[in-house]
Amino acid sequence: MKTISVKQAQQADLKTQKEVGIPGLVLMERAALKAADNLWHTNWNLNHVLVVAGSGNNGGDGLAVARLLAVKGVHVDILLLGNPKHYSDEHQTQLHTCKYYHVPVVDPKNVDWKKYTVIIDAIFGTGLSRPVAGNYVDFIKKINQAPARVQAIDIPSGLNGSTGKVMGVSVKADLTSTFAYAKNGMVKPEAKPYIGKLIVNDIGIYC
């Protein structure tokens, strides 16, 4: 399996947008379509799905997946983490669309983790470079303790995309849907217990 560094992935994403001319929101939609398709092809129980979304574009990917599942009739809830002031532009667009489709947003203080059959981790992307801190630690632990199956969008939150090492704490995914190429850290032996099954999806990134 060909892998690339996190820096190469970021450069390829930027080049695709700036030079090739494919907008970031289009790439996000493609990523979400692929991630949702990966989920449809599992034999998982999709009766009740929770999407845990961070404030950046990884969270935006997750919100797009939430909406795609909701319009197919799946019962989906959204749990938003992070400061709304720091939501990326794409994240804000996806959140607006989710609200248009009446996808419920749950109160972080009153989440019934036991009722979900699938949790989608969209907290941090591959760019995480410092240890997980604050209430993110608590939420990642709650995801890992929940009885649900877990899909990670791009990379399990808390896993270093370059080294494969855990940045204090990491989501343990059953399935990781990543895009363009696997990142170097994903194929390291220490990353395997957190990655689960790895699916690499082509979304038109120019590498």
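The values are calculated or read from the model by the stated rules, or taken from the named source; none is laboratory data. Because the structure is a prediction, the values reported are computed rather than measured. Neighbour counts are summed over all protein chains in view; Cβ atoms, including those assigned to glycine, are modelled from backbone coordinates with ideal geometry. For accessibility, only protein heavy atoms count, side chains too; no ligands or nucleic acids. Shrake-Rupley method; radii C 1.70, N 1.55, O 1.52, S 1.80 Å.
Brief remarks follow.
- The set of residues in segment 27-61 that are open to solvent by less than 60 Å² (accessible area, probe 1.4 Å) and without any contact (Cβ under 8 Å) to a residue 12 or more places away in the chain is empty.
Conditions tested, residue by residue: (1) part of a strand (DSSP E or B); (2) surrounded by 21 or more Cβ atoms within 10 Å (Cβ to Cβ).
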position	(1), (2)
Ala152	yes, yes
Gly161	no, yes
Val169	no, no
Lys192	no, no
Ile199	yes, no
Gly204	no, no
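Residue-wise test of (1) open to solvent by 30 Å² or more (accessible area, probe 1.4 Å); (2) part of a loop (DSSP other than H, G, I, E, B).
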site: Val76; (1), (2): no, no
site: Gly82; (1), (2): yes, yes
site: Lys85; (1), (2): yes, no
site: Thr93; (1), (2): yes, no
site: Lys99; (1), (2): yes, no
site: Val103; (1), (2): no, yes
site: Lys114; (1), (2): yes, no
site: Thr126; (1), (2): no, yes
site: Arg130; (1), (2): yes, yes
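- Checking each residue in segment 171-190 for being open to solvent by less than 20 Å² (accessible area, probe 1.4 Å) and aliphatic (A, V, I, L, M) picks out Val171, Ala173, Leu175, Ala182, Met186.
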